1. If a residue counts only when it is in contact with a Gly (Cβ under 6 Å, 6 or more places away or on another chain) and buried (at least 19 other Cβ atoms within 10 Å of the Cβ), which helices (runs of 4 or more DSSP H) contained entirely in the range 302-413 have at least 2 such residues?
2. Quickly run through the range 42-64 and pick out the residues that are surrounded by fewer than 24 Cβ atoms within 10 Å (Cβ to Cβ) and of a type in the set (Gly, Ala, Ser).
3. Could you say which residue among Leu88, Leu47 is assigned to a strand (DSSP E or B), under 21 Å from Ser10 (Cα atoms), under 23 Å from the mean Cα position of the chain (by Cα) and not assigned by TED's automatic domain parsing to the domain that holds Ala291?
4. Within the group Leu351, Leu303, Leu338, Leu370, which residue is under 26 Å from Asp193 (Cα atoms) and in contact with a strand residue (DSSP E or B) (Cβ under 7 Å, 6 or more places away or on another chain)?
5. Of all residues in the range 95-125, count the ones that are under 27 Å from Phe40 (Cβ atoms), without any contact (Cβ under 8 Å) to a residue 60 or more places away in the chain and part of a loop (DSSP other than H, G, I, E, B).
6. Give the number of residues within the range 268-294 that are at positive phi and modelled with pLDDT under 95.
7. Do we have Gly269 as within 21 Å of Gly152 (Cα to Cα) and touching a strand residue (DSSP E or B) at 6+ places or on another chain (Cβ under 6 Å) here?
Amino acid sequence: MSEIKDIKLSPEGEQKISWAKAHMPVLRGIEREFAEKKPFDGIKVSLSIHLEAKTAYLCRVLAGGGAKMAVTGSNPLSTQDDIAAALLQGGIDVYAWHGATPEEYDRHISLALAHSPHAVLDDGADLSEALHTREFEKAANVIGACEETTTGLMRFRARDRAGSLKYPVIAVNDAYCKHLFDNRYGTGQSVFDGIMRTTNLVIAGKTVVVSGYGWCGKGIAARAKGLGARVTITEVDPLRAMEAAMDGYDVMPMDDAAAKGDIFITATGCSGVINSRHYGKMKDGAVLCNAGHFNVEIDLHSLELMSEKLYQARKNIAAYKIGGKTIYVLAEGRLVNLAAGDGHPIEIMDLSFAVQALSLEYLIRNKEKLSVSVHKVPEYIDRQVAQMSLAAKGIQIDGLTDNQKAYMYGERS
């Protein structure tokens, strides 16, 4: 029995899914292949990814390949109720609605695992964390998981190091066609889509403080600079800090950046990046938002304790009054690009979800060979997805001649 908000919303969701499908040529090619080969016949798949149009199309591609799908969201504010309705109307079990309470969110995770899946597609590892803790009796049935976020892989690798990982994991996030494009270009664009549509404020001329200079942070900083902002980076890694400095950005601790920033964007995967030490130093009107997976990077508990008044300034904008100043927090400190927007551009997710689909096929096909650890996406999958994307764009590239192959890979005289 599925749990969604309103099945009558399905026509609106169907329209969104059709638009996404029309702009995902790589996944359409994989859909045709899966429909013919049926690689997931008899396979039950549980999926927890931000439940919007691109994800819905991925679910249909896998279902068309024979998978029995049970689907939930990976963030209480990123689920789109019309998308959930359209998926359910199309015959896929769905357990999600927008604005779920923590208790409802956990229940939906458990319900998505109730059919004892053979494979898991995760975004943040919430399904797998449940399988390793409260739903552990179902883990014995799991062939493996595919994880598409930095945060999720941190959780999996911690379990791997501790010896508590229960099944193989494919590190989808580490594929070139995922992190080079999704984390950099996708996050860079979608974060500012979310900020601008929520605040309706100009970016040019403002100081944007980006916490974390991994692939997501690089993309966010580049888009901020392109929109005319002055950009400051905060980091804990000296190599990334040096890279940011050589890319032309100011680099300093958050204790110093707090007084300078107009817009703060966290993208670290860590907790308490902006905390009680910083709020009193901030400008009146400072805007805080998060681009990391979990809503722990901005310490909202300490902000609420320090504030004299809390009110809703605008949809998805909470205002905190502190000592005559107002600090604004977007989307409850959750993923601003999804909780306050539509997530990454469709063409970007075409690449990421193509890697997901092919990695799942690889996982099922090699279930007897994969050890219980975190595995790289095979290089041929990356190259296949890139080649399919280039072909869809009408782009041709050079190939090596036999002599060049001999020079590159063979014996040299």
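1. Values: elements: 336-339, 346-365, 379-392, 402-409.
Counting at least 2 such residues, we get 336-339, 346-365.
2. Matches in the range 42-64: Gly42, Ala63, Gly64.
3. Details: Leu88 fails: assigned to a strand (DSSP E or B).
Leu47 is the lone residue from the list that is assigned to a strand (DSSP E or B), under 21 Å from Ser10 (Cα atoms), under 23 Å from the mean Cα position of the chain (by Cα) and not assigned by TED's automatic domain parsing to the domain that holds Ala291.
4. Details: Leu351 fails: in contact with a strand residue (DSSP E or B) (Cβ under 7 Å, 6 or more places away or on another chain); Leu338 fails: in contact with a strand residue (DSSP E or B) (Cβ under 7 Å, 6 or more places away or on another chain); Leu370 fails: under 26 Å from Asp193 (Cα atoms).
Of the residues listed, the single one that is under 26 Å from Asp193 (Cα atoms) and in contact with a strand residue (DSSP E or B) (Cβ under 7 Å, 6 or more places away or on another chain) is Leu303.
5. Looking only at that region, the number is 2.
6. Initially, the range 268-294 is screened for residues at positive phi, giving 269, 272, 285.
Next, only the ones that are modelled with pLDDT under 95 stay: 269.
Matching residues across the range 268-294 total 1.
7. Details: within 21 Å of Gly152 (Cα to Cα): yes; touching a strand residue (DSSP E or B) at 6+ places or on another chain (Cβ under 6 Å): no.
No.
Condition check ((1) out of contact with any helix residue (DSSP H, G or I) (no Cβ under 7 Å at 6 or more places or on another chain); (2) among the aromatic types (Phe, Trp, Tyr); (3) at pLDDT below 95; (4) under 28 Å from Asp41 (Cα atoms)) across all residues:
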position: Gly323; (1), (2), (3), (4): yes, no, yes, no
position: Thr326; (1), (2), (3), (4): yes, no, no, no
position: Gly333; (1), (2), (3), (4): no, no, no, no
position: Leu338; (1), (2), (3), (4): yes, no, yes, no
position: Leu358; (1), (2), (3), (4): no, no, no, yes
position: Glu361; (1), (2), (3), (4): yes, no, no, yes
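The values are calculated or read from the model by the stated rules, or taken from the named source; none is laboratory data. Remember, it's a predicted structure, so these values are computed and weren't measured experimentally. Glycine also receives a Cβ, built like all others from the backbone with ideal geometry; neighbour counts cover every protein chain displayed.
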